[in-house]
Amino acid sequence: AETFGFVTTIQVTQMLKYFDKLGVIVYIDATEALRNVVVTDPEWLIHSLSLITPNSNDSTLGTDGIINAGLEKDLENLLNKSLMSRDLLEYLWNGERIQVEFLIEVMKQSLLLSEWRVGGKDNEKYLVADLLPENVECGPIEGHRFTISFKNGFLPDGVYERLLCLSLSQSNDPSAPILGKSSSKFKFENEEVLVEKTEGEMVFTVAARKISALFLYTVVSILNKINTEVMNARLSWNIMLENVENNTFVALEEARDLKLEPWFSDDDQGDERSSFSDFINNFL
C-alpha cells in the first residue's frame, strides 16, 4: 500500500473497501478479528463456509475421516444437537489458527453460528442455525405470554437462534433444552419457557409469574445487543404483553401505564423489578 501512496490506516481501509466492492477481495471490518484478515480468494471463503452449511453441493462432512480423527462424539453432537465443536471446525477447515478465528467470526457476524455458552467454557461449541431440526415436539405450557413482532414481517435468519443461545447462557438450569427451527423449550431461572417463531414474530410463554418480567427484560436486552452488534440497528419491533384477566394483548407502553401484572407490579422481584422498570422507561 505504501508503494502507491496509501500510508494512513484510513487510506488503507478505504482502498480495501473499494476492492471489496469490486469483488476482487473480501474485506469485513465489523470486528477486530475480521478487520485483521483480507481474503484474496473469495471462492475460498465461500467453499469454507459451505463445508458446514447444509443444502450445498460442497457440503460434505466426510464422516469416516471425522471418526478416524477421534471426533465421533463431536459428530454426534452436531447431528443430534446442532452443536459444532471448535475441534470439529478446525478439522473441517484444516486451516491455521488465524484462518479458523476469521471464519468463526464471519459466521458469527452473519448469524450462521452462535456461541454456545451453556455448561461453562471448557469445551468450546457453537450452535449452527441451519442445522436445527425442522419439527420438534415441545408441547404447550401454561403461563404468561408476550409477543415480539418485527416490523414489515422481517425476522432475519439467525436472530432467533442467537437469542436462544444468549438466553440459555444466563440460565441456572441448562439441562436438556429442546431446540427446533420454529419452537424451543428450556429452563430460565429453573422455570420453563417456551419460544415459538413464525415468519415475522416470536411468541414467548413463561411458566412462572415470578420470573415473567425478568425474562422479558432479558429478551429485550439480548435483542438490543444483537441489533447493535450484528444488525447495524436495522431491526425494529413491537412488544405486546398478555393481560391474563381477559386473554388480550396490550402494547408495552400501555402495559406500563396500567401497571399490568405480572409485567409491572411491585412484588416478587425486588431490585430486579426496579431494574426492569428503569430499563423499560428508557426503552420507551
- Message: Per residue of segment 210-217, what does 6.51 cos²θ - 1.76 cosθ + 1.60 with θ = phi - 60° give for ³J(HN,Hα)? Whole Hz please, x for Gly and Pro, Karplus curve as stated.
- Response: 5, 10, 4, 5, 5, 5, 4, 4
- Please calculate how many Å² of accessible area segment 65-168 carries per residue, with a 1.4 Å probe and no DNA, RNA or ligand atoms counted. 50 Å²
- Message: For q values of 0.09, 0.17, 0.20, 0.23 Å⁻¹, compute log₁₀ I(q)/I(0) with the Debye formula on a Cα-only model of segment 119-237, without solvent.
- Response: -0.23, -0.86, -1.23, -1.60
- Which translational diffusion coefficient, to the nearest whole µm²/s, is obtained for segment 129-183 from the Stokes-Einstein equation, given a Kirkwood hydrodynamic radius over C-alpha pairs, 25 °C and 0.890 mPa s? 187 µm²/s
- According to the Cα gyration tensor, what semi-axes, each the square root of 5 times an eigenvalue, does the equivalent ellipsoid of segment 196-242 have, listed from largest to smallest in whole Å? 21, 14, 8
- In Å and whole numbers, how far do the C-alpha atoms of segment 191-270 stretch along each principal axis, longest first? 36, 26, 26
- Query: At a Förster radius of 41 Å, what calculated FRET efficiency corresponds to the Cβ-Cβ distance of residue 225 and residue 72, to the nearest 0.05?
  - Reply: 0.70
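Taking the highest mean first, how do the peptides 147-156, 216-225 order by number of other beta carbon atoms within 10 angstrom per residue? Could the numbers behind the result be given before it?
Working: 147-156: 14.6, 216-225: 18.9.
Descending packing order for the listed peptides: 216-225, 147-156.
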- Inter-part gap, Cα centre of segment 99-117 to Cα centre of segment 124-153, in whole angstrom, is 20 Å
- Rounded to the nearest 0.05, what FRET efficiency do residue 12 and residue 199 give with R0 = 41 Å and r taken as the Cβ-Cβ distance? Could you check? 0.45
- Sort the following peptides by mean Cβ neighbour count (other Cβ atoms within 10 Å, averaged over residues), highest first: 33-46, 105-118. 105-118, 33-46
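The values are calculated or read from the model by the stated rules, or taken from the named source; none is laboratory data. No experiment lies behind these values; they were computed from the predicted model shown. Heads up, the Cβs are rebuilt from the backbone with ideal geometry, glycines too, and the neighbour counts pull from every protein chain shown. Ligands, DNA and RNA are stripped out before the accessible areas are found, and what is left, the full protein with its side chains, is counted by its heavy atoms. Shrake-Rupley method; radii C 1.70, N 1.55, O 1.52, S 1.80 Å.
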